[in-house]
Structure formats: structure tokens, C-alpha cells
Amino acid sequence: MTVSSQPAIAVRGLRRSFGDHVVLDGIDLDVPRGSVFSLLGANGAGKTTTVKILSTLIRADGGSASVAGHDVAASPDAVRAAIGVTGQFSAVDNLLTGRENLALMADLHHLGRAAGRRRVAELLDQFDLADAAGKPAATYSGGMRRRLDLAMTLVGTPQVIFLDEPTTGLDPRSRRGMWQIVRDLVAGGVTIFLTTQYLEEADELADRIAVLDRGRIVAEGTADELKRRIPGGHVLLRFTDPRDLEAAAHVVGSASRDTSASPDSAALALRVPHDGSLGELKALIDRLDRHAVRVDSLSVHTPDLDDVFLALTSSQKVTTP
């Protein structure tokens, strides 16, 4: 990951309302250069509004924001020259071919004829669209259209790219293809600001994640840091001998016992609260070993981003570790 002392995006006290409805209520964000930053939130939480402000499409009511070192309010043209935006809905012109869509973007970026042709050819190869370059975009699959849409965003070689719900409607294979494209862009030094409804997507891609709820940032950190804030992690111990289960329950003490059955045999299990750390797992295993408790198998279960999202965007209180 590329590191710079100046963040690619810096937001302080950003506010925006529509009439009496407060959408953003003083949010702060810092996005390092050459990283993926994901903003999570329910529908209507303010994710798209944030992207629109940072990409200069609408103005904030208060606070400040800079993108690629330029103030979005004072220097919107400089911000626009440094960014690319791929929105929820494709900007592809269905009547044009893939090559013509890219050539149009090259013209809008005022690339010369030769430079424009070179850039179009590079992007067609990079996004595996060369074979379909002469076909109308209307004939493209959903995954091909999203690749073309992102390729159009890259014609101007932006420093920062806003991806607003980039894989909505894509099948799993196309979604994973887009993920690899994002990883390749970041490896090349591009900063990605990602909003998504797919929590697995944020887990896979994001270096840092912020959760937006009711206009405020309610949590921020790496995926692992956020998961550790949520209770529910546990180790599941399985036994073949009921006596070992009883012994383990006595050793662990505070664990709750769970019994399940299969058509072949009674499979007994003990659920032990666990924070997901290697140290705590080793301590549990050592404790059982000291008491000669035989465990048939164990599995570690930790909260995922679904659990984080549900907990942080509800009325439940979450204690910071």
C-alpha cells in the first residue's frame, strides 16, 4: 500500500440536510493514499450523499473536505481533474460500441487523437474487453458493462476513484472479477473510496471501514477491529464421550453446553465464549490438556461484518474494547 503523509481524502465536520432531514451530521474521515476505504450504511444512511459532496456534485451545508489535496468547495475543478466516479448506475451508452464509449471519454478529457487511441487500447486490454470492443454496449453482459464503466472512469488516470455500489446486480464470478480489478488499481497507487451493500465485499477489499448510521460515523477501523467489538465469538468443542463433555464443562466453568444429534451417533458439543485471539485459544487448549480432557474436534467462530453492521446500526450499545 502506498503511504503518504497527506491523506487522499480528509473530511472534517461534514454536514448536509435536505429540508428538515439531516443526512450528514458532522462526519470526520481520513483516507490514506493508495488504500481502499469502505463506507457502510443502510439505505438512506448518507453514503451516496457523501460521495456526491466529495466528487463536487453537490455542496455541503457545513464542515470541510479535501480530495487529492484540493478543497472540494474552493477548488472543485482541481478535484474533478484528480478523481473518477463510478456510480450505482452505469454511464455506458448502449448505442455505442465499447471502443466508442472509451473514445468519447478520451475526447472529454481532451486527450490528443494518438494519445486517446493508445489509452483506449490499453484499457480494452486491461479490462479484457478487446474482443468485444467493436460490439454495441447493449450486447454486453452485466459484468462486461461494469468493467467498461470502470474503464471509462480510468481514461483520465484519476488519483482517487469513488465506487458507489460497483457490483450491484453482478453474479458472484463477475463480482470477484471486479474485486481483482480494484486490487490491481490500488497496487498501482490509486485510492478507492467504496460504498457497498455487500459486506463480504468490504471485508475482502477494504483497508479501513467506517459505519455510517443516522448521519454519523458510529465506528471506524479495520474489518478485524470492528469484528472484535461485537460479542458472540466462541470456540465449539465436540466430543464423542459424554464423560469428556462433562469434564470439559467443569474445567471451563462458565461455558454453556449444547447437545446435538446425528442419525449415526450423539454428537456432544460445548460452546466456549472466545475473543478470536490466538492467545486465548492456546490458553483454553492448555487448560483442557492439563486436566486430560479429550476433545474430538474444535472450531473457532467469530462475528462477521453482518453482525457488526446489525449491531452498530441498531439501538444496541456496543462497548469498545
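The values are calculated or read from the model by the stated rules, or taken from the named source; none is laboratory data. Given the structure is predicted, the values throughout are model-derived calculations rather than measurements. In this analysis, Cβ positions are derived from the backbone assuming ideal geometry, glycine residues included, and neighbour counts consider all displayed protein chains.
Considering only residues that are closer than 26 Å to V186 by Cβ, in contact with a strand residue (DSSP E or B) (Cβ under 8 Å, 6 or more places away or on another chain) and buried (at least 18 other Cβ atoms within 10 Å of the Cβ), which ones fall in segment 83-104? Give the derivation first.
The initial filter retains those residues of segment 83-104 that are closer than 26 Å to V186 by Cβ, namely 83-92, 98, 101-102.
Remaining after also requiring in contact with a strand residue (DSSP E or B) (Cβ under 8 Å, 6 or more places away or on another chain): 83-88.
Within segment 83-104, I83, G84, V85, T86, G87 meet the criteria.
Tell me, which strands (runs of 3 or more DSSP E) wholly within segment 145-250 include 3 or more residues that are over 30 Å from R15 (Cα atoms), at pLDDT below 90 and not basic (K, R)? Spell out how you get there, then give the answer.
Values: elements: 160-164, 191-195, 208-213, 216-221, 234-239.
In segment 145-250, 234-239 are the strands (runs of 3 or more DSSP E) which contain 3 or more residues that are over 30 Å from R15 (Cα atoms), at pLDDT below 90 and not basic (K, R).
List pairs: first residue in segment 105-126 and within 20 Å of D184 (Cβ to Cβ) and outside the structural domain of M178 (by TED's automatic domain parsing), second residue surrounded by 20 or more Cβ atoms within 10 Å (Cβ to Cβ) and β-branched (V, I, T) anywhere in the structure, Cβ distance under 8 angstrom, at least six positions apart or on different chains.
Partner pairs satisfying both residue conditions: M105/V155; R119/V155; V120/V155; L123/V155.
State yes or no: is E204 closer than 30 Å to V252 by Cβ and under 15 Å from the mean Cα position of the chain (by Cα)?
no
Could you check R33 against (1) surrounded by fewer than 19 Cβ atoms within 10 Å (Cβ to Cβ); (2) over 29 Å from D306 (Cβ atoms) and say which number it fails?
Of everything listed in (1) surrounded by fewer than 19 Cβ atoms within 10 Å (Cβ to Cβ); (2) over 29 Å from D306 (Cβ atoms), R33 misses just condition (1).
So is D128 in a loop (DSSP other than H, G, I, E, B) and touching a helix residue (DSSP H, G or I) at 6+ places or on another chain (Cβ under 9 Å) or not?
yes
From the list R59, R33, R80, pick out the single residue that is among the basic types (K, R), without any contact (Cβ under 8 Å) to a residue 24 or more places away in the chain and not in a strand (DSSP E or B).
On inspection, the qualifying residue turns out to be R59.
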